[in-house]
């Protein structure tokens, strides 16, 4: 579990660095096709907002409910509705990243030092099925990695578009 907790702690800095690699004029860019994206189909700024909201309204709630309730049903979050209703595209990256840092600090305080019995508490996660609190911690870490990969995927698409659009036809 130590490697997972270390990865969770390092994530806000990694996410900020990955986002900083996106040219500022492309923070709202969408590719012509989404096939192969390892995260949700979201623009770079929307990726940040999604990570923030999943942390706070998803994982914080899931961790707390799993610790406090007997085998709760943990609902999924409708990413598309959040992106639309919360106007993700109008968000300021610096504000979102600061929120992610604060949310992750709270996450780490919630899960660091849990007992084996707490880590073994069970829940049912919509779309995932039965799991333990320990499972949720790993799923959060996996979700982090998906969004780092998603930003890299978007960068790859941006560079592919830039190189193919600058080629001169014979």
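We did not get these values from a lab; they are worked out from the coordinates using the rules stated. Because the structure is a prediction, the values reported are computed rather than measured. Ideal geometry is used to build each Cβ from the backbone, glycine not excepted, and the neighbour counts take in all protein chains shown.
Here is how the numbers come out for the structure above:
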| item | result |
| --- | --- |
| Label selected from (1) 1, 7, 14, 15, 13, 12, 10, 9, 7, 5, 4, 2, 1, 0; (2) 1, 9, 19, 23, 22, 15, 7, 2, 0; (3) 1, 8, 17, 19, 18, 14, 10, 6, 3, 2, 1, 1, 0, 0, the criterion being P(r) over Cα pairs in 5 Å bins from 0, in percent as computed here | (3) |
| Which of 134, 121, 101 has the fewest Cβ neighbours within 10 Å, and the rest in rising order | 101, 134, 121 |
| Mean Cβ count within 10 Å, highest first, over the residues of peptides 107-114, 2-9 | 107-114, 2-9 |
| Residue 17-residue 61 pseudo-label distance in nm [points 7 Å out on the Cα-to-Cβ vector] | 3.3 |
| Taking 141, 49 and counting other C-beta atoms within 10 Å, the order from fewest to most | 141, 49 |
| Label point distance in nm, residue 71-residue 5, each placed 7 Å from Cα along Cα→Cβ | 2.9 |
| The chain: angle of helix 44-53 to the longest principal axis, Cα-based, in degrees nearest 10 | 10 |
